[in-house]
1. Which of the following residues is within 15 Å of the ligand (Cβ to nearest atom), out of contact with any Cys (no Cβ under 9 Å at 6 or more places or on another chain) and open to solvent by 10 Å² or more (accessible area, probe 1.4 Å): P109, P13, P29?
2. I need every pair where a residue in the range 254-268 that is among the hydrophobic types (A, V, I, L, M, F, W, C) has its Cβ under 7 Å from the Cβ of a residue that is within 14 Å of the ligand (Cβ to nearest atom) and open to solvent by 70 Å² or more (accessible area, probe 1.4 Å), sequence separation at least 6 or different chains.
3. Would you please name the residue that is farthest from D128 (Cα to Cα), looking only at residues in the range 160-195 that are open to solvent by less than 10 Å² (accessible area, probe 1.4 Å) and away from the ligand (no atom under 15 Å from the Cβ)?
4. Is it the case that the range 52-73 has a residue that's open to solvent by 30 Å² or more (accessible area, probe 1.4 Å) and within 14 Å of the ligand (Cβ to nearest atom)?
5. Filter the range 117-141 for residues that are of a type in the set (A, V, I, L, M) and closer than 15 Å to R344 by Cβ and give the result.
6. When the range 94-104 is examined, which residues are found to be open to solvent by 10 Å² or more (accessible area, probe 1.4 Å) and either over 11 Å from V66 (Cβ atoms) or at pLDDT below 95 (or both)?
7. Would you pick out the residues in the range 74-88 that are within 16 Å of the ligand (Cβ to nearest atom) and open to solvent by 10 Å² or more (accessible area, probe 1.4 Å)?
8. Looking at the range 139-159, can you tell me whether even one residue there is surrounded by 24 or more Cβ atoms within 10 Å (Cβ to Cβ) and either within 10 Å of the ligand (Cβ to nearest atom) or acidic (D, E) (or both)?
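The values are calculated or read from the model by the stated rules, or taken from the named source; none is laboratory data. From a predicted model like this one, the values you see are computed outputs, not experimental measurements. Here the Cβ is made from the backbone with ideal geometry for all residues, glycine too, and neighbour counts use every protein chain on show. The area values use the complete protein model at the heavy-atom level, side chains included, leaving out ligands, DNA and RNA. Shrake-Rupley method; radii C 1.70, N 1.55, O 1.52, S 1.80 Å.
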Amino acid sequence: MKVKNISFRTIWPTADNTAVEIIDQTKLPHIFTTLRLDTMRDAERAIREMQVRGAPLIGVTAAYGVALAMRDHASDAALAATCSVLLASRPTAVNLRWGVEKMRDFLAPLAESERAVAAWQEAARIADEDVAINAAIGKYGCDIIRAIHQKKGGMVNILTHCNAGWLATVDWGTALAPVYTAFDAGIPLHVWVDETRPRNQGASLTAWELGQHGVPHTVIADNTGGHLMQHGMVDMAIVGCDRVTARGDVCNKIGTYLKALAAHDNGVPFYVALPTPTIDWTLRDGVKEIPIEERAAEEVTHIAGLCDDGQVRTVRLTPQGSRAANYGFDVTPARLVTGLITERGVVKAEAGAMWVLQ
Ligand code: MRU
């Protein structure tokens, strides 16, 4: 996608193939800056500190992390140690495990001397595959948006939560790929953007990338979606996800479940867009089985913003001494999901329909 008319991906190898560069997402929307990752430890830190985030991008960054490690040490022991460091960086998005295991399974049979070059090529291939997957999600999701437009006429109002746009992937996004595809096809649409406390990925990242592409959007406080749905102001919701179980339970950014409940109560279609590597075929009951990341209390008690003097500063929101809890994700039961938009088509969120994706 484009930033000030220049095409960017969220991660790319340097011209000399010695490192990778990323967009530092902790600085958006106020500062657009890139960062160089020279080592596996740099990649691990970028994931943990959310300079890169979003399930697919975490997976690709981890793949490049393995490739960076292989340049320095390519033994079996180094490969195993690298994989375990990267796997521990964030617990919920299954794409991390997917990316790391894909690299490990690809590299393990190779001779040590071959691993560095092969790892670099494989990480680049995984990144390209992510772009192709998301473009396909965009096409299938666009068909749904078009059908709603044809049925009701006029503007299609779409609600989304967190950031599942191109910043959460290598390019295109998952939930926002259908939005970009439909917008580029001339379908009139408008996006309600949940701010997505506590880290505000909606207000900072989704609003920013939609704005860069010229997509009409409105940022709303997280509690607003139910009210909009009751008043017929939302035609559909599309969210991304960090892990989907074999029976279609969906784990996504905290607050997604409440939007799905409100959508169900108001007859608003609630779609989840995902690349098939986001499906964890080993799990069934998402509420009981998916590990939910808990992050620092400071993400709830404090907030950063742009001051009138042009400086970004962090301020405290809560009284000194009040405790805060920071659960990063929640699980939406499959019964609340209208459909899963994947690169292989739209399927029902139920085991009997999903098996074709295996
Ligand atoms: O904590 P984050 O910012 O990594 O969470 C991201 C989300 O919850 C996204 O909606 C999800 O990863 C889908 S990404 C295409």
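1. Exactly one of P109, P13, P29 is within 15 Å of the ligand (Cβ to nearest atom), out of contact with any Cys (no Cβ under 9 Å at 6 or more places or on another chain) and open to solvent by 10 Å² or more (accessible area, probe 1.4 Å), namely P29.
2. Partner pairs satisfying both residue conditions: I254/Y327.
3. Residue satisfying both the conditions and the ranking: L189.
4. no
5. Those that are of a type in the set (A, V, I, L, M) and closer than 15 Å to R344 by Cβ: A132, I133, A135, A136, I137.
6. Of everything in the range 94-104, those that are open to solvent by 10 Å² or more (accessible area, probe 1.4 Å) and either over 11 Å from V66 (Cβ atoms) or at pLDDT below 95 (or both) turn out to be R97, W98.
7. If the condition is that a residue be within 16 Å of the ligand (Cβ to nearest atom) and open to solvent by 10 Å² or more (accessible area, probe 1.4 Å), then L87, A88 are the ones that fit.
8. The answer is no; no qualifying residue exists.
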